[in-house]
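What follows is calculated from the coordinates using simple rules that are stated; it is not laboratory data. On a predicted model such as this, the values are computed, not experimentally measured, just so you know. Don't worry about glycine lacking a Cβ; one is built from the backbone with ideal geometry, like all the others, and counts go over all protein chains shown.
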Amino acid sequence: MALQLTNVTKEITFDAAHMLSNYDGKCSNLHGHTYRVAVTLSGHPNTTKTASDSHMVMDFGDLKSIMQSEIMNRMDHALLISAEEFRTEAEGALMNWASKFGKKKCIMPSRTTAEDMAFAIGSWVRDALQSRYHDINDRLQVSVKLWETPTSYAEVKV
């Protein structure tokens, strides 16, 4: 029996602070969010009868472990900092403050917008999946939905 294309999703929340450098609005100030992130893997379930993950796209425990290492360990209760080319003097000063006082920071590969953060999270998860399961990019599509507020989110496929 051929199994249908299936989506599996794991959600987590994390808290972080950021500012939008070079932004004309109130979000240019340092502020924080309780982010909610859903990682969805789309693919065909494993059909190997003897495998413990038979008829699964991925074991939820494995996905949770990857999300812990790639999202929570990096971003939870961290100061999110834009990549150097997008960073203003104020954001650079915050980064230096965090370094000086041993505070957790996460240097993002781009800006700290919900859109760029969702893409970064998806890339980190995809890369972690690829390192654990070498054929993963042939089997699964990774999507990320990142809520910055209860009513506002960005969604990407990587």
Response to the item:
One point scatterer per Cα, no solvent, Debye formula: log10 I(q)/I(0) for the chain at q = 0.13, 0.15 Å⁻¹ comes out as -0.64, -0.80
Worksheet item: Anyone know which of Ser65, Ser82, Ser123 comes out most mobile in the 10 Å Cα GNM of the chain?
Response: Ser65
Worksheet entry | Relative contact order of the chain, pairs being alpha-carbon contacts under 8 Å that are 6 or more residues apart, as % | 26 percent
Worksheet entry | Cα-centred dipole magnitude for the chain, charges only on beta-carbon of K, R (+1) and D, E (-1), debye, nearest 20 | 280 debye
Fill in: Long pairs among Lys64/Lys157; Lys10/Lys103; Lys64/Lys145, criterion Cα-Cα beyond 23 Å
Lys10/Lys103
Fill in: Inverse mean reciprocal Cα-Cα distance (Kirkwood Rh) of the stretch 93-158, Å
13.6 Å
Fill in: Rounded to 5, the percent of DSSP beta bridges in the stretch 26-158 classed as antiparallel
80 percent
